[in-house]
Amino acid sequence: MAADIWVVADQWQGRLTDITFEALALGREVADALKVPLEAVLLGHGCASLAEELGCADVVISVEHPALAEPVPETHAQALAELARQRQPRAILIPATNTTWGANTLLAALLDVPGVNFAVDLKAVDGALEARCVLYGGKIEVRVQPRKEPVVIGLWPGARPADQGRSERKPCIEQASVSLAAEPKVRLKRYIEPEAGEVDLTRQDILIAVGRGIQSKDNLELAEELAQALGGEICGSRPVVDQGWLPLSRQIGKSGLTVKPKLYLALGISGAPEHVEGMKDSAMIVAVNTDPHAPIFNIAHYGVVADALELAPALAEAVRARKG
Amino acid sequence: MTDPAAGTFLGLPARAILWVLALIAFGLFGWRVAGYIRVLARARPEPRWDRWPARLKRFALEVLFQRKLLEEPLIGVAHLLIFWAFVFYATSFFWNLLRGLLPFLPIPYADQAAWMAVALELFGVVGLVALAVAAVRRYFFAPPRLEQTRDAGIILSLITIVLLSSLTGAGALALAGEDHAGIGIASLFAGLLSGLGVAPAQGVPLNVAMWWVHMVTVLGFLVYLPYSKHLHLLASPFGVLFGSLEPPMPAASEGAARLEEFTWRQLFSGLACAECGRCDRACPALNSGYPLSPKELMHHVKEMIMASLASGGNGHRLLGDRVKPEAVWACVTCLACIQRCPVGNEHVPVLIELRRRLMADGELEAHLQEALTNLARYGNSFGQSARNRARWTQGLEFKVKDARKEPVTWLWFTGDYAAYDPRLQPITRAAARLFQRAGLDFGILYEAEQNSGNDARRAGEEGLFETLMEKNLAAFGKARFERIVTTDPHSLHALKNEYRWQNGRAPVVHYTELLWELIRTNRLPLNRRLNGRVTYHDPCYLGRYNGVYEAPRQILHALGAEFVEMPRHGSRSYCCGAGGGRIWMEDVPGIQERPAESRVREAAAAGAATLVVACPKDWVMFQDARKTAGLEDKLVVKDIIELVEEATNP
Amino acid sequence: MNLVVLMRMVPDVVEELEIASDQKSLDQEALRLIVSESDDHALEEALLLKERHGGAVTVVAPEAPEAAELLYTAAAKGADRVIQLRGIQRGLGVAAMAEACAAALSAIPGLLPADLVLTGTQSIEDLDGLVAPLVARRLGWPYLGVVTAVSDVSNGAVIVVKEFQAGYRGEFQVSLPAVLGVQAAEKPPRYVPVAKVRAAMKATKIEEFEAPQPAPEPLQELAIVALAKPEAAGHAEMLEGSVEDVAGKLCELLAERGLL
């Protein structure tokens, strides 16, 4: 329907991702403010049953097509473009995950409408849509209003709590069809699984995370000792894994794991958005960094401006003393 | 008097035999030496023909007086005596050979000249004793890293034969009743011979026989010498003569991997090496477990030259084939190897050339890469904005003058670590307060200061050094000042010795020199004496590189602390392990004991409660080391500035 | 392989970013530019492909202060041809710039046909779009982003590895020619010594190319309301004191939550 707010559902391995529900929660707020329906768009092949979970939306537009079975952003963008031309929504929220990466830009280009990236919030201001985006590695926020609609918004994780977007309500499900090229030029051949780590970090209560601030592989020992003292596991941000100091199975962030432990102790991690999205929902976040302006302090519960290499051993000792 | 070369042997005229033997020996010797010279000629040039007075003085001290060997007194004295014995015997040999070959020369044989006979006897006996000492040391009390080779045994035997044959010959003459000048040793040997049943009538023939044994042995030695490690006998005097008069740094180049890409002087070190192991014993990299042995490096150079002599061609490589990159990167450029080497070898330049080549091929570890990229972009290795360089001044009660904007007497070049490392910034502030207290007119360059480039240069990034130097010189050029003081010995060295100042260089001093001046002239009055036992670590770039040993000690004495020296002090100081860009590199797995850990243990063992440093990198390395070595309760690390501040606080 | 790498200069976030007084842009005074990090990886991946399969690498960069150094460095690393695009405005927002670059790519003599156009998967100022998909769309080529490896070039297609999440990756087959957004090259970007860059400055000619049509103003389709430094929804409670003090306080906090 014209002027609706759309949320495109993001899937991973046959299940809807948390960020889909975050987007629904945000979309719900905006749709209610503008007094228009919220519609969820579910693209895929053989995943129609997922539509039931999208009850936060008023309507689910469910599209089944063999070409949509594979997570190819440009195929999905083409499908969305066809739907959008028919139905003229006002805003299309696409969760910005690696899976969908580029789809929002392609969709905006196909429709010749504005695209917005790195959005962390969307609201209606005097009837106009205003998005808040975080750029420059998290250092600058920009608020923008599209001059044309629909606007395609790439929504960053963390806009709203995922639970706010879950609902028991059964939405109204509409089947829709699109015509897509039989031979897409981008095909998924196979998934490459990460080497299984010995431990499932997503089930750990206590995680000690290391970033570039630990400076060298040798200093990992300090973090490991602390993890041992606390009864937790170590993990790391992307740079640490890229350097080979930790395996990919211990990477936290956009391309890595999303974790929600009871304690996330971030040592020498600056808090780039790609990392934060993987741990922001941790129950207690303690950040240690020598830079008092590090963005991590904005999302941490407790912060210490200190050298992680000095604090880690001191804390390990204090914990051991405490535990007796 | 007898002419040992007259007469016949096996029907042939003895003199003719002597001629033949001499021609063969000298021919082979000359051919081999010419081969070496040809190989060296294929290498790159390096001018070492300047400042002859200084060179000759060094030659006298290190070759004639064997100064460096005397650092290990017992073997030092023994070797000095062997050396002079050798000098006299070599002289006597040539004298004898000339006389033997050319009987018409109006000269006696060597031992027929009284003073020569005395010298030969004296040095003969003394030499034999010294050789015995050397042999016992080598075979029963060998110091670590002394290369045990068959060569060594052969040489000891040859020299013994040479000396013994001469003394026995003299003894034989004395036994025969011939008039023989000397100091009585000949008579002693005569007695020994008599005791062995040699009759006086056999004296002269025995003397002649000994003469021939002696000459043939030396001729044999002459042929053997250029094929053995005792090539060093020939090469080392030249090594010292053409040695670098200051800490050596190769001229800008694209680095070297193959023989022809090194300079002749770099190759020459391989030829002069006696494989004594002094460099290895001093090397912090080797002693920590890194795969770098300076002696092995020299050996590889020599071996590469030998291979080139044997098979010709241009394909003889040092890098990769003989010396691995891990060894090349392990060097901390502390110069202990060069300081200890008695034959003037220059190990570090070879490593720097190898580093330059690895750098050109992009083969360097990620950490180092990052540090260099940061240096190029931000002018500091910390990767922080250049604008933050002077942030350390916040927290001072006064404003430090901006030397870019107003003239100052003292331009203070802080260096990266003192400016950017949060643990060091309080010490830098303390220095500023001291300068202020002393009424110094000083200023800093604020954001215009760049890393001096010293460590980038030693890591093999010559182009980066040039860029940083140019930027710093431009900043200096715009400022007006009379003298430069620096908190960082690495910067001191670069600014003082390696920068290309266009219009003359202002005097550059280290802050310890300045502080001593201020204390000595009472511009920094001391208000209290300090307690406790302290020891002082001589930074490599302040001590070995720039000869500043006294000023810090004088400060500490003036401060009243009880001072103890560590065994490895002064020019034998043991590097903290940060130099040569190593502070930007990862430790290799399997390190037994890091240099800094060894040093803090040494300080504690010397009985000191405080280890005093005069270099920001030392401070950082030793603070870490005292934790990893478990000495946090026993040893405190302080910069000399901290102590001076304590003593001068009102 | 004929490879084109599109590289851009973006603000260096190591420096403090200040907002201009009109609140709609960054204060240019305080700005220093640096190569966009993933563009550097794109170049590295291209060089690795050239080393493996032969061919040529052309680097194209929109004009900007210090873009010349970017191009000389690329040449020193092994790029065969380096081109600076004039007439394209640099700033917040990339959609207009990407369109202009795409048009330029088609117009630069001898540049196309190419096998791959590689660029970073994103940059820090991609407010209104991403360069790779926009260039792909303009050229009519397939696109894939978040790429970490390119291999197996055969039969008019490449195998490309893309990152998903939780450490999973996907192997995709992409028909050539294509545009790839590179997240990380298979090896970290190589180091090239300053001396080599200086040598490249003497030996290399940067081709200048005027963008075919005047690039539209950036951010035509979005109205900027304001720039601001993020006001954190919250801020951590900062623990002060010596390392031992803080360790003690943390133990208390953890104990309170039953985590010890």
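Values in this text are rule-based calculations from the coordinates and carry no lab data. None of the values given here were measured: they were computed from a predicted structure. Note that each Cβ is placed from the backbone with ideal geometry, even for glycine, and that neighbours are counted across all protein chains shown.
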Size of segment A:123-276 along its principal axes in angstrom, Cα-based, largest extent first?
54, 42, 36
Debye calculation, C-alpha points only, no solvent: report log10 I(q)/I(0) for chain A at q = 0.09, 0.13, 0.14 Å⁻¹, in the same order as the q values.
-0.52, -0.96, -1.06
Per-residue Cβ counts within 10 Å, from other chains only, averaged over A:179-186: what number is that?
3
Please report the net charge: other residues with Cβ closer than 10 Å to the Cβ of B:Gly460, K and R +1, D and E -1.
+2
Euclidean distance of C-alpha centroids, segment B:131-176 and segment A:132-155, integer Å:
87
Measure nothing but the geometry: give the 0 to 90° angle between the long axis through the Cα atoms of A:220-230 and the longest principal axis through the Cα atoms of chain A, rounded to 10°.
90
Over all directions, the average projected area of the alpha-carbon convex hull for segment A:87-135 comes to how many nm²?
4.0
When only Cα pairs under 8 Å and 6 or more residues apart are kept, what is the percent relative contact order across chain B?
11
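Rounded to two decimals, what is the ratio between the C-alpha radius of gyration of segment A:207-324 and 2.2 N^0.38 Å?
The reported ratio for this selection is 0.95.
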If I histogram all Cα-Cα distances within chain B using bins 20 Å wide from 0, what percent of pairs lands in each bin?
17, 42, 26, 12, 2, 0
HN-Hα J couplings of segment B:425-437 from phi, Karplus 6.51/-1.76/1.60, θ = phi - 60°, integer Hz, Gly and Pro as x?
4, x, 5, 5, 4, 4, 4, 4, 5, 5, 4, 5, 4
What does the charge count around A:Lys262 come to, taking other residues whose C-beta lies under 13 Å from its C-beta (Lys +1, Arg +1, Asp -1, Glu -1)?
-1
What would the Debye equation give as log₁₀ I(q)/I(0) for segment B:498-650 at q = 0.11, 0.18, 0.21 Å⁻¹, counting only Cα atoms as equal point scatterers?
-0.45, -1.08, -1.36
Gain in span if fully extended, B:Glu482 to B:Arg377, counting 0.36 nm per residue against the direct Cα distance
34.8 nm
Please compute the Kirkwood hydrodynamic radius over the protein assembly as shown, one decimal place, Å, based on all pairs of different Cα atoms.
35.3
Starting from the Cα gyration tensor of segment C:69-139, multiply each eigenvalue by 5, take the square root, and state the resulting semi-axes largest first in whole Å.
20, 16, 12
Relative packing of A:35-43, B:155-163, which averages over residues the other C-beta atoms within 10 Å, highest first:
A:35-43, B:155-163
Sort B:420-427, B:65-72 by packing, meaning the average of other beta carbons within 10 Å per residue, with the highest value first.
B:420-427, B:65-72
Treat segment B:343-470 as a sphere of radius equal to its Kirkwood radius over Cα pairs and apply Stokes-Einstein at 10 °C in a medium of 1.306 mPa s; give the translational diffusion coefficient in µm²/s, rounded to a whole number.
98
Taking only DSSP H segments of four or more residues, each worth -39500 (n - 2.57), what value at 222 nm results for chain B once the sum is divided by all its residues, to the nearest 500 deg cm²/dmol?
-16500 deg cm²/dmol
Taking the Cα centre of each part, how many Å lie between segment B:615-629 and segment B:1-60?
53
Assuming a viscosity of 0.890 mPa s and a temperature of 25 °C, what translational diffusion coefficient in µm² per second does Stokes-Einstein assign to segment C:131-260, Rh being the Kirkwood radius over Cα pairs?
114
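Given Cβ point charges of +1 (Lys, Arg) and -1 (Asp, Glu) and nothing else, what value in debye, to the nearest 20, does the dipole of chain C about its Cα centre take?
Dipole size: approximately 1300 debye.
Note the per residue figure in Å³ for the convex hull of the C-alpha positions in segment B:228-352.
Dividing the Cα hull volume of segment B:228-352 by its residues yields 98 Å³.
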So for segment B:146-293, what are the equivalent ellipsoid semi-axes in whole Å, largest first, each being the square root of 5 times an eigenvalue of the Cα gyration tensor?
47, 16, 14
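Compute the semi-axes of the equivalent ellipsoid of segment C:98-145, taking the square root of 5 times each eigenvalue of the Cα gyration tensor, and list them largest first in whole Å. Write out the running numbers ahead of the final one.
On the way: eigenvalues 72, 27, 17 Å².
Taking √(5λ) for each Cα gyration eigenvalue gives 19, 12, 9 Å.
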Give me B:Val332, B:Val20 ranked fewest to most by other Cβ atoms within 10 Å of their Cβ, as a rough exposure proxy.
B:Val20, B:Val332
Rule-of-thumb check for chain C: C-alpha Rg over 2.2 N^0.38 Å?
1.18
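Counting only C-alpha contacts under 8 Å and six or more residues apart, can you give the relative contact order of segment B:45-111 as a whole percent?
16
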At a 10 Å Cβ-Cβ cut-off, how would you order B:Tyr446, B:Tyr139, B:Tyr511, fewest neighbours first?
B:Tyr139, B:Tyr446, B:Tyr511
Footprinting proxy, B:His232, B:His299, B:His347, A:His45: sorted fewest to most Cβ within 10 Å, the residues are A:His45, B:His299, B:His232, B:His347
Within 10 Å of each Cβ in B:248-254, how many Cβ atoms from other chains are there, averaged over the peptide?
1
What 222 nm value per residue comes from the helices of chain C, counting each DSSP H run with n ≥ 4 as -39,500 (n - 2.57) and dividing by all residues, nearest 500 deg cm²/dmol?
-9000 deg cm²/dmol
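Less than 11 Å Cβ to Cβ from C:Glu231, Lys/Arg counted +1 and Asp/Glu -1: what total charge do the surrounding residues give?
My count for the surroundings of C:Glu231 gives +1.
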Tell me, what HN-Hα J-couplings in whole Hz come from the Karplus equation 6.51 cos²θ - 1.76 cosθ + 1.60 at θ = phi - 60° for each residue of segment B:75-80, using x for Gly and Pro?
5, x, 5, 4, 5, 4
In a Gaussian network model over chain C where Cα atoms closer than 10 Å are linked, find which of C:Pro216, C:Pro133, C:Pro230 has the largest mean-square fluctuation.
C:Pro230
How much space per residue, in cubic angstrom, does the convex hull of the C-alpha atoms of segment B:438-502 take up?
94
Normalized C-alpha radius of gyration of segment A:182-258, against 2.2 N^0.38 Å?
1.34
Taking a temperature of 37 °C and a viscosity of 0.692 mPa s, what whole-number D in µm²/s does Stokes-Einstein yield for segment B:123-204 with Rh from Kirkwood over alpha carbon pairs?
232
Considering every residue in A:118-124, what mean count of other chain Cβ atoms within 10 Å of its Cβ is obtained?
1
Mind ordering C:168-174, B:54-60, B:93-99, A:162-168 by average Cβ neighbours within 10 Å, highest first?
C:168-174, B:93-99, A:162-168, B:54-60
Quick one: Debye curve from the C-alpha atoms of segment C:1-59, no solvent, what's log10 I(q)/I(0) at q = 0.13, 0.27, 0.30 Å⁻¹?
-0.48, -1.01, -1.12
